[in-house]
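Please read the structure below before turning to the comments.
Read the figures in this text as sums done on the coordinates, not as results from a lab. Bear in mind that the values here come from a model prediction, so they are computed numbers and not experimental data. Using ideal geometry, Cβ is built from the backbone for each residue, glycine included, and neighbour counts are taken over all protein chains shown.
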Amino acid sequence: MATFYSSSNSIIVSAIILKLLVSLVAFCCFMHGSSANFYQDFDITWGDGRANILDNGDLLTLSLDKASGSGFQSKNEYLFGKIHIQLKLVPGNSAGTVTAYYFSSQGPAHDEIDFEFLGNVSGQPYILHTNVFSQGKGDREQQFYLWFDPTADFHTYSILWNPQRIVFSVDGVAIREFKNLESIGIPFPKNQPMRIYSSLWNADDWATMGGRVKTDWTQAPFIASYKNFTANACVWSSGTSQCGSNNSPSSSSGSDNNNEWLWEELDYANAGRMKWVQETFMIYNYCTDYKRFPQGFPPECSATN
């Protein structure tokens, strides 16, 4: 455990403890089934040759240089799903770069579920940025430090999206839950099918220390790597969900053939781990930003989101 991931010894100890917890739950809690083939599930959409599918479809890499970044998207659209992908982030001085991995629909009133990884100078931690958009409204940011170096090896980043909740997880450990609170007037993403997207791009106007640290192009090309995509998901086709009326998800990308994820929720143990992660590793929560919301926090903040 490299000490640069916190100046506080208590945070370092917490990270070690969390790694042990991850090792205990990882086998049962993430990476269902066999891995996907990127040729089968994704299209490279931009980058002029900077994105590549390698190893007979088992590996995908994105590259960023001063001229352009790159990106890919899923061939399918989904209306609810539980997805996992393993990602190894840009190593070294990644300041100014952003690696994004997310669900999104299209249009001004779009829905979106975001993982964004904000790079940093060598020896400083990545920031994991999360956000949820519903009917075009976002501004629900929560940010975390990770309890490991995400550039040294592949780690699993997962999104559960079902009609009741959205759960963000890292290596099988939930870090954030956004519940369906339509009962108190808060829109929830549930009607618009979404594709999965990922991109590597330059955002040095805001990504690192509010844009004060710029991208060092002498370090280019910057490269992020992906493998082992899996999904249980309701595939959207020709205006309808292939789940059908019985809510049984179609199998995709090496997923196991069950529909339990459609009703999945955090049990007591997983909710406790999430709370501990938030208390230990969360560095920004829109629900505690008094300067941003001087007239009062958004209503979901008082409803445990």
Ordering of 151-163, 191-203, 40-52 by burial proxy (mean other Cβ atoms within 10 Å per residue, highest first): 191-203, 151-163, 40-52
Part-to-part distance (alpha-carbon centres) for the stretch 104-166 and the stretch 66-82, which is given in Å: 14 Å
Label-to-label distance, nm, for residues given as residue 240 and residue 106 (7 Å Cα→Cβ offset): 2.2 nm
Inter-label distance for residue 190 and residue 295, nm, one decimal - labels placed 7 Å from Cα along Cα-to-Cβ: 2.8 nm
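Based only on other Cβ atoms within 10 Å, what is the fewest-to-most ordering of 62, 89? It would help to have the intermediate numbers written out before the result.
Numbers: 62 27, 89 23.
Ranking 62, 89 by Cβ neighbours within 10 Å, fewest first, gives 89, 62.
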Gain in span if fully extended, residue 288 to residue 212, counting 0.36 nm per residue against the direct Cα distance: 25.0 nm
Rounded if a/c under 1.5, otherwise prolate or oblate - the stretch 76-199, Cα gyration tensor axes: prolate
Within straight-line cross-link reach of residue 66, lysines at Cα separation under 23 Å, skipping those fewer than 8 residues along the same chain: 88, 214
Approximate spin-label separation residue 263-residue 153, in nm, with each point projected 7 Å along Cα-to-Cβ: 3.7 nm
From phi via Karplus (6.51, -1.76, 1.60), per-residue ³J(HN,Hα) for the stretch 282-287 in Hz, x at Gly/Pro: 6, 10, 8, 9, 4, 7
Lysines with Cα under 22 Å of residue 190, excluding same-chain neighbours fewer than 8 positions away: 75, 82, 137, 179
